[in-house]
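The values are calculated or read from the model by the stated rules, or taken from the named source; none is laboratory data. These numbers come from a predicted model, not from an experiment. Side chains included, ligands, DNA and RNA excluded: accessible areas come from the protein's heavy atoms. Shrake-Rupley method; radii C 1.70, N 1.55, O 1.52, S 1.80 Å.
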Amino acid sequence: MARTLAHFTITESGDDYLLHIEDDAGETIEMTATYDQLDLLVEAIDAHLDEDAEEMDEVEE
């Protein structure tokens with residue numbers, strides 16, 4: 001079952017970034033990611049949000 005995102009942080013860690021992702025039960029996952037990986041993540045999120053915004057605009061019209 002998928003957990004619910006409660007909080008996350010991204011901090012620089014040398015040449016990479018450190019991600020802390022916390023769920024609503026207080027469990028935290030810690031991961032490292034490169035700049036390129038974070039950039040791909042941002043692009044994927046933007047694409048999904050853009051699709052959702054377009055769908056909402058169609059419903060409102």
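Over the chain, calculate the relative contact order: mean separation of alpha carbon pairs under 8 Å at least 6 apart, over the residue count, as a percent.
It comes to 22 percent, rounded to a whole number.
What the chain shows is 88 Å² of accessible area per residue, with the surface traced by a 1.4 Å probe over protein heavy atoms.
With semi-axes √(5λ) of the Cα gyration tensor in Å as the read-out, I listed (i) 16, 12, 11; (ii) 28, 18, 8; (iii) 36, 21, 7; which label goes with the value calculated from this structure? Recomputing semi-axes √(5λ) of the Cα gyration tensor in Å here picks out (ii). Return the carbon/sulfur percentage of the accessible area of the chain, one whole number, probe 1.4 Å, all protein chains in place. Roughly 52 percent of what the probe reaches on the chain is carbon or sulfur.
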